[in-house]
1. Among (1) more than 19 Å from the chain's Cα centre (by Cα); (2) open to solvent by 30 Å² or more (accessible area, probe 1.4 Å); (3) under 23 Å from Tyr503 (Cβ atoms), there is one condition Asn315 misses while meeting the rest; what is its number?
2. Kindly list the number of the only condition in (1) over 30 Å from Glu349 (Cβ atoms); (2) outside any loop (DSSP other than H, G, I, E, B); (3) open to solvent by less than 60 Å² (accessible area, probe 1.4 Å) that fails for Val446.
3. Could you list, in sequence order, all residues of the range 311-333 that are farther than 21 Å from Gly462 by Cβ and among the polar types (S, T, N, Q)?
4. Given the criterion in a helix (DSSP H, G or I), over 25 Å from Gly21 (Cα atoms) and at pLDDT 70 or above, identify the matching residue among Phe42, Phe68.
5. Listed residues Leu89, Leu32, Leu47, Leu15; which is among the aliphatic types (A, V, I, L, M), under 19 Å from Arg156 (Cα atoms) and either out of contact with any Ser or Thr (no Cβ under 9 Å at 6 or more places or on another chain) or modelled with pLDDT of 85 or more (or both)?
6. Could you list, in sequence order, all residues of the range 225-253 that are at pLDDT 80 or above and either open to solvent by 40 Å² or more (accessible area, probe 1.4 Å) or more than 26 Å from Thr386 (Cβ to Cβ) (or both)?
7. Which one of Leu294, Leu260 is at pLDDT below 80 and either open to solvent by less than 20 Å² (accessible area, probe 1.4 Å) or more than 21 Å from Ala362 (Cβ to Cβ) (or both)?
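The values are calculated or read from the model by the stated rules, or taken from the named source; none is laboratory data. Given the structure is predicted, the values throughout are model-derived calculations rather than measurements. Neighbour counts run over all protein chains shown; Cβ positions are idealised from the backbone, glycine included. We work out accessible area using only protein heavy atoms, side chains counted, and drop any ligands, DNA or RNA first. Shrake-Rupley method; radii C 1.70, N 1.55, O 1.52, S 1.80 Å.
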Amino acid sequence: MNLYRATGTIGGLTLVSRIAGFAREMIFARVLGANAVTDAFFQAFILPNVFRRLFAEGAFSAAFVPMFSRRLNGEGGLESARSFSTDVLSVFLPILIVVAVLFELAMPGVIWLLSDKDVAPEQFALATDLARITFPYIVLISLTTLFTGMLNSVSRFAPGASFPIILNIMLIGALLFGERWIDAGATIEEVAYLLSWTVAAAGLVQLGWVIYWVRVEGFSLKIRKPVLTPEVKRLGIIALPAAIGGGAYQINTLLQLYFLNQLEGSMISYMNYADRLNQLPLGIIGIALGTAILPALSKHIGGGEKENADRVQSNAIELAMLLTIPAAVALAICGSAFVTMIFQGGRFEAEDAAIVGNVVVALVCGLPAYVLVKVLVPGFYARSDTKTPLYAALGSLAFFIIFNIAFLQRFGVVGVAAASAIGAWLNVAILYAILVARDYYSMPAVLVGRLARQLLAAAAMGAALWFLADLLTEYYDAGIFARLFALLGLSVAGAIVYFGVGYAVGAIDRGKLVLLFKRKAQS
């Protein structure tokens, strides 16, 4: 039940953040549309976030949380944990600053590597300027993630799950101002610069937010002369392969930028809008579960409690697929409808919505795999094994690269999305096969049966949505209330059918539901 509670806290706050992100993207699409300027901004925005997720979130959490938890719960207690975090911060901050400075100096080369070599000079200059403005965000948000790891180690999940909301709120404010600014004669290039500076400012606010909560938990924040202590070295040794192994999705994003830049049109913008729909369940379910189970797995594995560790892993897979499978089926069937309802309007036209809808369908075919990677990888990290996920990720990335080299011009942006989805399933297959081979974990028969019933319930939901989506077509590009009616109608109907059939066929563990409601009634 602690897993469900922690996942609920992280997932609930992530849901708020994702809803705010949706509002941000809706306004962005209407104010700026999909064009060369939006491609430049999205590329500039993606770069620091990719490196943050790659090195700070994935690598740091994978290495830091188990090490920090052992000190906090060991002989040294709070004082040992404080000393370790100070050592890490004193080394981590200078490295972040050096990385940021190097990228600022090398940014024209970075943009050149990612871009089409025939890009217009003014487009190249704009992309470089915006990237230079946003890239310092990596220093601020990486420190934010470091402190979030400390908070997660003491099961204080809410501050770390809530700080992304700050960025979305600030960008929404900048977009609303930008819309009026355009009406007053500003160009969309000027609004893009405004948004880039807003990203940098949001990083400062987010850092201040988590620092406050770190102090509330009694952790002092000190920076001293950097010293590579044995424990900091061990952290680096663990984190480096984890950065690649746990960040396959992020490396894939960088490669996506390169391949999308080789296509004509606003393909980066199209992929961004499609990925916004994909990221909603991925963030709420996958990231929340991955964050919640790592401390629990580390505790049980460290204590030699394999049965308890297997139970946590099975519960995480069951809960992940219970929520992810219907999300993937619903988005695959109603992807085009959702894109039209959410994004179409203003400078985002019907032709744009049609392309994004096709990308969504291809992308979400890999959604359960993206989430499973988040759930399976902690099983290795809890054993301080970060190399195996690295090898699995490299296999997935190799497929992605080969597929796009062979079929990029034939399938275009939809092919890039499909290659990401197939590569994610390959990653899952490798990770699970190794878990079984090493006797780390194997899905029990009861879980396999539960997953089969979830697929059955999702199939029933898919049939209902296929029928209902056709009936509501006229509402998709109508007024805001008509769109809201259609969106809620599809969502509510899908949920009723899925969970109704799921409960009837046993896709949902009724015993856990009863226990959960009893605990809620007693609390």
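1. (2)
2. (3)
3. Result: Gln313, Ser314, Asn315.
4. Phe68
5. Leu15
6. Residues satisfying the conditions are Lys225, Pro226, Val227, Leu228, Pro230, Glu231, Lys233, Arg234.
7. Within the list Leu294, Leu260, the selection yields Leu294.
This table checks each residue for (1) within 16 Å of the chain's Cα centre (by Cα); (2) not in a helix (DSSP H, G or I).
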| site | (1), (2) |
| --- | --- |
| Glu351 | no, no |
| Asn358 | no, no |
| Val361 | no, no |
| Val371 | yes, no |
| Pro378 | yes, no |
| Asp385 | no, yes |
| Leu390 | no, no |
